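Here's the structure, in structure tokens; my notes come after.
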Amino acid sequence: MKVKNYSINDFFQTIGHSLLSFFAAVGQFSAFAGLSVSHVFRAPFFPKNFLKQIVSIGYYSLPVVGLTTFFTGMVLALQSYTGFTRFNAESAIASVVSLSITRELAPILAGLMVAGRVGASIAAEIGTMRVTEQIDALRTLSVNPFKYLVVPRLIAGTLTLPILVLIGDLIGIMGGYIVSVHVLGFSAGSYLSQSWDVLQPMDVISGLAKAAVFGFIVTIMGCYHGFNSGRGAQGVGAATTNAVVTSSILILIFNYILTQVFFS
Amino acid sequence: MSEAVQTPKISMRDVRKSFGTKKVLNSIDLDVAEGESCVIIGGSGTGKSVTLKCVLGLIKPDSGSIKIDGTEITEMDNDDHEDVMSKFGMLFQGGALFDSLPVWENVAFGLIHGRKMDREEAREIAMQKIEAVGMGRQVGDLYPAELSGGMQKRIGLARAIAANPEIIFFDEPTTGLDPIMADVINDLIVKCVKDLGATALSITHDMASARKIADKVTMIHEGKLIWTGSVEELDNSNNEYVDQFIHGRAEGPITKHANMV
């Protein structure tokens, strides 16, 4: 009897503990995000840091995003073909490729790839700065670390991810085109016109809007986990992992929410 | 008598700080007069670093008062606090140089971003400061990762003094250096503080360093300052904690509690 009581207590205690620490973390994160965003609109600004981040977040992510969307477009055409031939619906391949790429796949893939590449590097860099007291050093030199470190990354991430996705859209559709025309033997002209005709402005715009949100998620998560990094190499490692995992999950959740908002 | 008139540069009253259930600072009272060099000695984990970071404003104490030039800093908002920071220079234990920037820009960082100085002008001052800590101008164009530990400490010192601060903080300035380089750093600290006429607050567990740079020594133990006196009085303190620490003995009142546990 007694044993049973204890185990029930333990059970609720465990739930209570994890709920409490979850809400504490959410609260801490919200405060961090609010503070970061408030600094976006207040001088001084660091344009040099911003340009550096544009290059490291945007330009250097181009190969990764280009390759993933390219092969995804190709495989999409191939898979749709094997499925659609059963229903004599081969003509729908072009529209399936261009709609799935612009609405879902380019933003999601770019978001996840950038979460791995950029989120990890932001968390590692800021985490190392935290551990080696460089963030304290910024403050003793009268420079606000939010303005110097967080704001340039946030803006760069939010602005460059849509551009990456737009390029990804083009490359992904091109991947589908190459497979359809050169492997599956479709006519180039009709494939292109089908791809183009089915696209509504909203399909592309919703994808770009998603990308902006994902860019914000990746950079704020990288900064947050870096800022709150534990001590030593282990702390920085954990911060990096957490940044990638939380931003990837948030990207998938927000992708659903945004799709619901845009298309219903 | 003059003490009654002069406001201390740094004044701490009943400063307390806990992390979780651990009381790190348990009522710290400390005055540092203008132009004085005060060294806090004590073992690892006794609250030295936290004391320093409270005065710097990097950690907010749970209670108590910290005044700089008579102005309370614990209640300040961020913008006012950045103004107070401009009076400070800090030499971090590991140097804390920004590894994405060349050495000269590290030294000039506070001038360029804190004081909005022109880059060329700031570079010239940075180069002078690099020479002042005994290094050549060519070092200015290297990156921190290319420097040895002793050189990084010297550049950290150059950065701390670049904006001619009124108060300089030294966090374990000689830790991790060989004895000769440690003495070089000690000499530089004494020279820089004297040249600037600055007030200095240092923490260290290196007694050779403490004897060299201190006017006043105070010992921290379990979050309390247990002895304060001039550097000359250090050897006749009649305090068994101080005696154990300055002679580096394993046996004594400091370790007695630890041994019992």
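The values are calculated or read from the model by the stated rules, or taken from the named source; none is laboratory data. All values reported here derive from a predicted model rather than from experimental measurement. For neighbour counting, all protein chains shown are included, and Cβ atoms are generated from backbone atoms with ideal geometry for every residue, glycine included. Heavy atoms of the whole protein, side chains included, go into the accessibility calculation; ligands, DNA and RNA do not. Shrake-Rupley method; radii C 1.70, N 1.55, O 1.52, S 1.80 Å.
Summary table
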read-out: Residue satisfying condition, being more than 10 Å from chain A (Cβ to nearest Cβ), within 21 Å of A:Met129 (Cα to Cα) and touching a residue at least 60 places away in the same chain (Cβ under 8 Å), within set B:Leu56, B:Leu52; value: B:Leu52
read-out: Pick from segment B:78-99, criterion part of a strand (DSSP E or B) and within 7 Å of chain A (Cβ to nearest Cβ), ranking: surrounded by the most Cβ atoms within 10 Å (Cβ to Cβ); value: B:Met90
read-out: Segment A:242-264, residues that are over 14 Å from the mean Cα position of the chain (by Cα), without any contact (Cβ under 8 Å) to a residue 12 or more places away in the chain and part of a helix (DSSP H, G or I); value: A:Ile257, A:Gln260, A:Val261
read-out: Any hit, segment B:174-195, residues being farther than 23 Å from B:Ser27 by Cβ, of a type outside the set (D, E, K, R) and assigned to a strand (DSSP E or B); value: no
read-out: Residue in segment A:130-144 that is more than 12 Å from chain B (Cβ to nearest Cβ) and not hydrophobic (A, V, I, L, M, F, W, C) present; value: no
read-out: Considering residues of segment B:109-126 that are over 17 Å from B:Glu166 (Cα atoms) and touching a residue at least 12 places away in the same chain (Cβ under 8 Å) only, the residue surrounded by the fewest Cβ atoms within 10 Å (Cβ to Cβ); value: B:Ile125
read-out: Condition met for B:Glu166 (open to solvent by 20 Å² or more (accessible area, probe 1.4 Å) and either within 30 Å of B:Asp69 (Cα to Cα) or at pLDDT below 90 (or both)); value: yes
read-out: Residues satisfying the stated conditions in segment B:230-258, i.e. crowded, with 16+ Cβ neighbours inside 10 Å and under 22 Å from B:Ser49 (Cβ atoms); value: B:Val231, B:Leu234, B:Tyr241, B:Val242, B:Gln244, B:Phe245, B:Ile246, B:Ile254
read-out: Single residue of A:Ala77, A:Ala89, A:Ala33 found to be buried (at least 17 other Cβ atoms within 10 Å of the Cβ) and more than 18 Å from A:Leu105 (Cα to Cα); value: A:Ala33
read-out: Given (1) out of contact with any Leu (no Cβ under 6 Å at 6 or more places or on another chain); (2) at the interface with chain A (Cβ under 10 Å from one of its Cβ atoms); (3) at pLDDT 90 or above, index of the condition B:Phe109 fails; value: (1)
read-out: Those residues of segment A:152-205 which are outside any helix (DSSP H, G or I) and not hydroxyl-bearing (Ser, Thr, Tyr), in sequence order; value: A:Leu184, A:Gly185, A:Phe186, A:Leu199, A:Gln200
read-out: Qualifying residue in segment A:43-65 (condition: under 29 Å from A:Asn242 (Cα atoms), open to solvent by 70 Å² or more (accessible area, probe 1.4 Å), among the aliphatic types (A, V, I, L, M) and within 14 Å of another protein chain (Cβ to nearest Cβ)); value: yes
read-out: Single condition B:Gly42 does not satisfy, out of (1) within 12 Å of chain A (Cβ to nearest Cβ); (2) closer than 29 Å to B:Ser209 by Cα; value: (1)
